[in-house]
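The values are calculated or read from the model by the stated rules, or taken from the named source; none is laboratory data. Predicted model, so just to flag it, every value in this text is computed and none were measured. Cβ sites come from the backbone with ideal geometry, for glycine too, and all protein chains shown count toward neighbours.
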Amino acid sequence: MRVGTVTEIKPLERRVGLTPAVVATLVAHGHEVFVQSGAGAGVGLTDTDYANAGGQIVADAPAVFAAADLIVKVKEPQSSEIALLTPRHTLFTYLHLAPDPEQTKGLMASGCTAIAYETILDERGGLPLLTPMSQVAGRMAAQVGAAYLLAPAGGRGLLMGGVPGVAPAKVIILGGGVSGFNAAEIAVGMRADVTIMDISPARLAMLDAHFEGRARTVLSSRGALLELLPTADLVIGCVLVAGASAPKLVKREDLKLMRKGAVLVDVAIDQGGCFETSHATTHVDPTYVVDGVVHYCVANMPGAAPLTSTYALGAATTPYVLALADMGVERALAETPGFAPGLNIQAGRVVHPAVAASQGLPHP
């Protein structure tokens, strides 16, 4: 198969879809790999590194799309990239289509086959290609929340871990999945006062056993959240419904319950966000203030740690890239466990039920 990867063009997105090691593996399997010149520069990889691995360096994204049948990216295609897609292309990347009808329409019109990292399942029903970036985003969420609590960043002027005689920040984490667990790990490590909310009693039991009293667990409900918000300094939103838009747990009117200079970090923003006042921001301009509450809603948080993120993501995606290249798209989706739910768009139709439901589209 002819496989290609391009330079990511989302603002300050420095990750890359294929590393030289993956290129070398694909070439060893008899495939051709086309790499846009400079695609790996954001993580210190040169065109020479890719050429030495057997990749063919081409000048720009149009050249990659013209040469390759399988396009491996990191972030959802931007409008200029969607314009390059045709029915012969298979796109393999994060898509997060549920809150993005314009991207959905563009991909449908292109006729391409679009496979989303974030809806692929493993044998336990987990999300193996979302997990590494959820780990990064969760750990980052506690760090950026701590940074924006400081006065120069617009926060309350509060040190996350406090000092002897002065209480630490109170942190509420909405969702105890992968990103929520990782956010809690870092927040607890910073000596914050941490409460984790989740709808699953079994998950709460696991978290309680793991943290051994260093973090509280609360069964999530509207009433419980409203009781906690007035005490919160930092709220980290980590809720996830695979493929679907995130539920809006914190309403606009709830902000009046919160302290001025409190911080909301919305890890769920790729799926539309779990705060009613959330809208996607970028690393160039990451925050805004609503009713005195600082909002951090960067839609590609792991892009701020591209070196860590590229290699973590590459390790997870490689088996699936190889399956697509070695077996072909139809067979790979049919025979690789958990791969089929990754298919979001095919032949001009949305085929993932959660994505279709989120946008009110028919589902086959």
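Got a sec? Which of P128, P164, P168 is at pLDDT 95 or above and surrounded by fewer than 17 Cβ atoms within 10 Å (Cβ to Cβ)?
P164
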Query raised in the report: Can you find even one residue in region 48-56 that is among the polar types (S, T, N, Q), closer than 22 Å to T282 by Cβ and touching a residue at least 24 places away in the same chain (Cβ under 8 Å)?
Result: no
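So which residues in region 325-359 are part of a loop (DSSP other than H, G, I, E, B) and either of a type in the set (V, I, T) or not assigned by TED's automatic domain parsing to the domain that holds P101 (or both)? Reasoning before the result, please.
Step one: of region 325-359, the residues part of a loop (DSSP other than H, G, I, E, B) are 328, 336-339, 347-348, 351-352.
Answer for region 325-359, where residues must be part of a loop (DSSP other than H, G, I, E, B) and either of a type in the set (V, I, T) or not assigned by TED's automatic domain parsing to the domain that holds P101 (or both): T336, V351.
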Query raised in the report: Which members of region 329-364 meet the condition of being at positive phi and at pLDDT 95 or above?
Result: G338, A347, G348
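Of all strands (runs of 3 or more DSSP E) completely enclosed by region 161-219, which ones contain at least 2 residues that are under 26 Å from the mean Cα position of the chain (by Cα) and under 12 Å from I236 (Cα atoms)? Outline the logic, then answer.
Details: elements: 170-174, 193-198, 215-219.
Where strands (runs of 3 or more DSSP E) fall fully within region 161-219 and carry at least 2 residues being under 26 Å from the mean Cα position of the chain (by Cα) and under 12 Å from I236 (Cα atoms), they are 170-174, 193-198.
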Report task. Return only the number of the condition from (1) touching a residue at least 24 places away in the same chain (Cβ under 8 Å); (2) part of a helix (DSSP H, G or I); (3) small (G, A, S) that A147 does not satisfy. Result -> (1)
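Output yes when any residue across region 47-63 is modelled with pLDDT of 95 or more, among the acidic types (D, E) and either within 26 Å of the chain's Cα centre (by Cα) or under 28 Å from V298 (Cα atoms) (or both), and no when none is.
Going residue by residue through region 47-63, those that are modelled with pLDDT of 95 or more are 47-63.
Applying the additional criterion that residues be among the acidic types (D, E) yields 47, 49, 60.
Retained after the next criterion (residues that are either within 26 Å of the chain's Cα centre (by Cα) or under 28 Å from V298 (Cα atoms) (or both)): 60.
Among the residues of region 47-63, at least one is modelled with pLDDT of 95 or more, among the acidic types (D, E) and either within 26 Å of the chain's Cα centre (by Cα) or under 28 Å from V298 (Cα atoms) (or both), which makes the answer yes.
Name every residue in region 71-116 that is outside any loop (DSSP other than H, G, I, E, B) and among the small types (G, A, S), in order of residue number.
Answer for region 71-116, where residues must be outside any loop (DSSP other than H, G, I, E, B) and among the small types (G, A, S): S79, S80, G106, A109, S110, A114, A116.
Farther than 30 Å from M190 by Cα and surrounded by fewer than 21 Cβ atoms within 10 Å (Cβ to Cβ): which single residue out of T46, T104, T93 fits that description? Full working, then the answer.
Details: T104 fails: surrounded by fewer than 21 Cβ atoms within 10 Å (Cβ to Cβ); T93 fails: surrounded by fewer than 21 Cβ atoms within 10 Å (Cβ to Cβ).
So the residue among T46, T104, T93 that is farther than 30 Å from M190 by Cα and surrounded by fewer than 21 Cβ atoms within 10 Å (Cβ to Cβ) is T46.
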Report summary line: Among (1) of a type outside the set (G, A, S); (2) more than 25 Å from the chain's Cα centre (by Cα); (3) within 25 Å of A312 (Cα to Cα), T86 falls short only on (3)
